[in-house]
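Below: one structure, written as structure tokens.
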Amino acid sequence: MIILKSPRELEKMRAANKIVAETHAYLAEHLEAGISTAEIDRLGEEFIKKAGGIPSFKGYHGYPAALCISINEEVVHGIPSKKRIIEEGDLVSIDIGVYYDGFHGDAARSYGIGRISEEAERLIKVTEESFFAGIKKALLGNRLTDISHAIQKHAESNGFSVVRDYVGHGIGQKMHEDPQVPNFGKPNRGPLLKAGMTLAIEPMINLGTYRVKTLDDGWTVVTADGMLSAHYENTIAITEEGPEILSRI
Ligand code: MF3
Ligand code: CO
């Protein structure tokens, strides 16, 4: 069941997502070669709490940290660790969820550390562009998979592949609500888009195969061929005036 949000509820979603966006901006300033992923996680959790929020991911199905930090061939759900030091040339994806005043916000960004390869640079750019190709279709009267199809088309026409096993999602009082939002598929399927729908749209795009596997830690998702992956996510609202990105400052 898709839960439509009232204007009052949308206001709360804006507030939760504002904290997500501010945390991303804060962490981007601290992200550099030599810092551990545990330290980024600590800074993020501290920032979220100071803003009055609660990290949505911590404790979610037993997830042990506030943030997900996924490096290079790691696709999503990388667990921060004191032993994992960010290095020059890494592709780092940071995923942040915040619970505030009864609602969740969720967004991910990918960064290159120092000088990165041209293909890594292009992967980050195309992943972000795929999100924007998708929300161009987040219009009243369209169907959900119009978004999915546009994301896939942009990623694949640039020579990259779309992860199938993990998808975007509705979001609100729960971090994961209906509907699932795949980043691939035929257009014109699934529910009609309505004002008050709030969706986390999150393309996960790979340089090589779309296939992924989960490491023995039970969380970290990596590409099956060990090639690079990037992630870009925003929480959006569908409105009469068009899509509104909530998780940007
Ligand atoms: N942004 C991810 C999602 O939407 C983060 C969930 S990670 C978890 O599913 F740790 F909370 F599981
Ligand atoms: Co999400």
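The values are calculated or read from the model by the stated rules, or taken from the named source; none is laboratory data. Being a predicted model, the structure only gives us computed values, none of them experimental. Backbone-built Cβ (ideal geometry, glycine too); neighbour counts: all protein chains shown. With ligands, DNA and RNA removed, areas are computed over all heavy atoms of the protein, side chains included. Shrake-Rupley method; radii C 1.70, N 1.55, O 1.52, S 1.80 Å.
Considering the range 146-174, and only residues there that are of a type in the set (S, T, N, Q) and crowded, with 22+ Cβ neighbours inside 10 Å, the residue that is nearest to ligand 1 (Cβ to nearest atom) turns out to be SER148.
Quick check on my filter: what residues within the range 175-196 are more than 16 Å from ligand 1 (Cβ to nearest atom) and within 15 Å of ILE147 (Cα to Cα)? Correct list: PHE184, GLY185, LYS186, PRO187, ASN188, ARG189, GLY190, PRO191, LEU192, LEU193, LYS194. Contact map, the range 196-212: first residue touching a residue at least 12 places away in the same chain (Cβ under 8 Å) and within 22 Å of LEU91 (Cα to Cα), second residue surrounded by fewer than 24 Cβ atoms within 10 Å (Cβ to Cβ) and of a type in the set (Lys, Arg), Cβ cut-off under 8 Å, separation 6 or more or different chains; pairs are TYR210/ARG164. For the range 227-245, the set of residues classified as within 16 Å of ligand 1 (Cβ to nearest atom) and open to solvent by 10 Å² or more (accessible area, probe 1.4 Å) consists of TYR232, ILE245, listed by residue number. Within the range 172-187, how many residues are touching a helix residue (DSSP H, G or I) at 6+ places or on another chain (Cβ under 8 Å), part of a loop (DSSP other than H, G, I, E, B) and under 30 Å from GLY102 (Cβ atoms)? Final tally of qualifying residues: 4.
Check LEU27, LEU10 and return the single one that is more than 28 Å from VAL212 (Cα to Cα) and not in a loop (DSSP other than H, G, I, E, B).
Numbers: LEU27 fails: more than 28 Å from VAL212 (Cα to Cα).
Among LEU27, LEU10, only LEU10 is more than 28 Å from VAL212 (Cα to Cα) and not in a loop (DSSP other than H, G, I, E, B).
Under the condition of being in contact (Cβ under 8 Å) with a residue 40 or more places away in the chain and either touching a Ser or Thr at 6+ places or on another chain (Cβ under 9 Å) or open to solvent by 50 Å² or more (accessible area, probe 1.4 Å) (or both), the residues counted in the range 7-24 number 12. Out of the residues in the range 140-187 meeting the condition of being β-branched (Val, Ile, Thr) and over 19 Å from PRO243 (Cβ atoms), tell me which one is farthest from ligand 2 (Cβ to nearest atom). Per the stated criteria, the residue is VAL162. Restricting attention to the range 64-102, the residues that are open to solvent by less than 10 Å² (accessible area, probe 1.4 Å) and within 20 Å of LEU10 (Cα to Cα) add up to 3.
GLY34 falls short on exactly one of the conditions (1) within 15 Å of the chain's Cα centre (by Cα); (2) open to solvent by 30 Å² or more (accessible area, probe 1.4 Å); (3) of a type outside the set (Lys, Arg), and that condition is (1). Across the range 40-56, not a single residue is classified as of a type in the set (D, E, K, R), within 19 Å of ARG109 (Cα to Cα) and assigned to a loop (DSSP other than H, G, I, E, B). The residues of the range 188-206 that are crowded, with 22+ Cβ neighbours inside 10 Å and either within 16 Å of ligand 2 (Cβ to nearest atom) or among the aliphatic types (A, V, I, L, M) (or both), listed by number, are MET197, THR198, LEU199, ALA200, ILE201, GLU202, PRO203, MET204, ILE205. Taking the listed residues ILE151, ILE124, ILE116, ILE147, the one that is modelled with pLDDT of 95 or more and assigned to a loop (DSSP other than H, G, I, E, B) is ILE116, with no other qualifying.
Filter the range 207-226 down to the residues that are open to solvent by less than 20 Å² (accessible area, probe 1.4 Å) and assigned to a strand (DSSP E or B) and list them by number. Full working, then the answer.
Step one: list which residues in the range 207-226 are open to solvent by less than 20 Å² (accessible area, probe 1.4 Å), which gives 220-223.
Across the range 207-226, the qualifying residues are VAL221, VAL222, THR223.
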